[in-house]
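Since the structure comes first, as C-alpha cells, the remarks are kept for the end.
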Amino acid sequence: MFGRSFTIARIGGIAIEIHPSWLLIFALITWSLAVGVFPMQFEDWATATYWIIGAIAALLLFVTVLIHEMAHAVVAIRRGLPVPRITLFIFGGVSHLSRQPRTAGEEFAIAAAGPAASLAIAIIAAALSLVVVNLNEQATAIVVYIALVNFLLAIFNTLPGFPLDGGRVLRSIAWRKTGNFMKATRIASGVGTGFGFGLIIIGFGFILFGYLINGIWFAFIGWFLSTAARGEAESLRLESVLGPLQARDVMSQNYVVVPPGLSLQLIVDEFMVAEGHRAVIVARDETVYGIVSISDIRKVPRDRWADTPAQAVMTPREEVATVNADTPAMEALELIAQRGLNQVPVLEEGRMVGLITRRELIERIQVAEQLEDRREVPTGSRRS
Ligand SMILES: [Zn+2]
C-alpha cells in the first residue's frame with residue numbers, strides 16, 4: 001500500500017512499526033466513538049469528554065492489537081524463530097517472521113497465540129467492566145469497548161482466510177494431515193480465496209438490498225482476503241522452487257546467435273518457425289549487438305523480410321534488460337514479470353553466457369511442483 005512504516009519503539013529486540021494507514025484508522029475510530037458510539041450510550045458528558053475518552057479507547061485498542069501481535073512473536077521466538085519487527089497498519093497488525101515455520105505444530109502454536117490473546121483480553125476486560133460499571137461511566141465505556149472489539153478481533157482472526165491467523169491454523173492442520181507444506185499452503189490458499197469470494201458475493205447481496213456501506217465493506221474485505229490468499233501461495237510456490245537458485249542455474253544455452261546482416265526471412269524460417277525460438281541474439285565474434293524478437297519482426301511488412309537485415313530491427317544491446325549470472329533467480333523472474341519480457345540475456349563480465357526465457361522458467365516451476373506432489377503422496381510422511 002502507500003507510504004513507509006516508521007518505528008516507534010523496540011520491545012525485546014522487536015522493532016514496533018506503525019504504517020501511515022494506521023493513523024487514519026486511529027482518527028476514524030476516535031471520531032466514530034466520540035460522535036457516534038459513546039453519545040448513544042451515555043447522554044450527559046461534555047463534548048470534550050467524548051473526544052478524550054474516544055481517543056483513550058482508540059489508543060488502548062492499539063495496545064491490545066500490539067499484545068495480539070506480541071503473543072505471536074513470543075511463541076515464535078521461544079521456538080527459535082526470530083521476529084525482527086511488528087507492523088501495525090489499517091487492518092490490524094503483522095508479525096514479520098524471519099522464516100517459515102519448520103513444523104505443523106510450530107505453525108499451529110504461533111498462529112493460535114494471537115486470537116487466544118485477543119480472547120483473553122476480551123474476557124479480562126468484560127470482567128473488569130462488571131467491577132467498574134457502578135463506579136465510573138467513562139471507565140465502563142472504555143472497558144466495554146475494549147472487551148467487544150477484542151472479542152470481534154478474536155473471531156475475525158479465526159476466520160479461515162489465508163494469511164489470517166485462522167488460515168494459518170488451517171494450513172498447520174492440512175500440513176499435519178498431508179505431511180506436505182506446499183500442498184497444505186495450496187489448500188489453505190484455496191479455502192481463503194473461496195472464503196474471500198464468498199464475502200464479495202455477500203457484499204453484493206447487501207448492495208442489492210440497499211445496504212450500500214455494509215456491502216462495500218464486505219466486498220472490500222473479501223477482495224483483500226482473496227487477493228492476499230492467492231499472493232501468499234504464489235510467492236511461496238515460486239520461492240520454494242527458485243529461492244536457492246541464481247540466474248546461471250535457470251538459464252539456457254539453447255539460444256540462436258545470428259550475424260547482424262542475416263535477413264529476417266531466414267531468421268523466421270530457420271529458427272522461429274522451424275525451432276520455436278521467440279528471439280535470436282545478434283552478435284559477431286562474441287560481441288553482442290542486440291536481440292531480435294517476434295515483436296521486432298512484426299513491425300516490418302512481410303514482403304520486406306527477405307531484404308531487411310537483423311540489425312535494422314533489433315533492440316540494441318543498451319536497451320535490452322539483462323541480468324548477471326549470479327543474480328538471484330527470483331529477481332530475474334520479477335524483472336521478466338514487471339517488464340512483460342519474454343527473455344532476458346544473462347551476462348558474465350559483460351559477455352553473454354546464456355538466456356533465461358519466460359516459458360522455460362514457468363515450465364521449470366511446474367515440473368518442480370509436480371515432482372513435489374509425486375514424492376509426498378505415496379509415502380505419506382509426517383513432518384511434525
Ligand atoms: Zn494474528
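Structure above, values below:
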quantity	calculated
Long-range HN-HN contacts of LEU159 with modeled amide H, under 5 Å	GLY166
Average Cα contact separation per residue, region 247-364, under 8 Å, 6 or more apart, as relative contact order %	31 percent
Descending semi-axes in Å of region 6-158, equivalent ellipsoid built from Cα gyration tensor	32, 17, 11
The chain - charge dipole about Cα centre, Lys and Arg +1 at Cβ, Asp and Glu -1, debye rounded to 20	860 debye
Choice from PHE42, PHE89, PHE156 with maximal GNM fluctuation in the chain (Cα, 10 Å cutoff)	PHE42
Sorted by Cβ neighbour density within 10 Å, fewest at the top, the residues ASP44, ASP165	ASP44, ASP165
Order of ILE124, ILE281 - criterion: other Cβ atoms within 10 Å of each residue's Cβ, fewest first	ILE124, ILE281
Choice from GLY340, GLY354, GLY231 showing the highest fluctuation, given a GNM over the chain with Cα pairs closer than 10 Å	GLY340
The chain - Kirkwood radius from inverse mean 1/r over Cα pairs (Å)	25.1 Å
Kirkwood Rh, Cα atoms: Rg over Rh of region 188-234	1.07
For ARG284, residues with placed amide H under 5 Å, excluding near neighbours	TYR289
ARG4 versus GLN370: modelled label distance in nm, points set 7 Å from Cα along the beta carbon direction	4.5 nm
The chain: angle of helix 137-158 to the longest principal axis, Cα-based, in degrees nearest 10	40 degrees
Helix 20-32 vs. the chain, principal-axis angle (Cα, 0 to 90°, nearest 10)	30 degrees
Within a Gaussian network of the chain (alpha carbon springs, distance under 10 Å), most fluctuating of VAL35, VAL300, VAL132	VAL300
For region 1-40 and region 268-324, distance of Cα centres in Å	54 Å
At most 16 other Cβ within 10 Å, DSSP loop - GluC sites (Glu not before Pro), region 236-337	GLU286
Neighbour-count ranking [beta-carbon atoms within 10 angstrom, fewest first] of ILE200, ILE53	ILE200, ILE53
Rounded to 10°, Cα long-axis angle of helix 212-242 versus longest principal axis of the chain	50 degrees
Relative contact order [Cα under 8 Å, 6+ residues apart], region 21-124, whole percent	26 percent
Euclidean distance between Cα centres, region 122-174 to region 189-221, Å	23 Å
Antiparallel bridges, percent of DSSP beta bridges restricted to the chain (to nearest 5)	75 percent
Estimated vicinal HN-Hα couplings, Hz - region 114-119 in sequence order (Karplus 6.51, -1.76, 1.60; Gly, Pro = x)	x, x, 4, 5, 4, 5
Region 139-209: relative contact order as a whole-number percent, Cα under 8 Å and 6+ apart	25 percent
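Laboratory data are not the source of any read-out in this text; all were calculated from the coordinates shown. What you see is a predicted model, and the numbers here were worked out from it, not measured in a lab. All Cβ positions, even for glycine, are placed from backbone atoms using ideal geometry, and neighbour counts span all protein chains on display.
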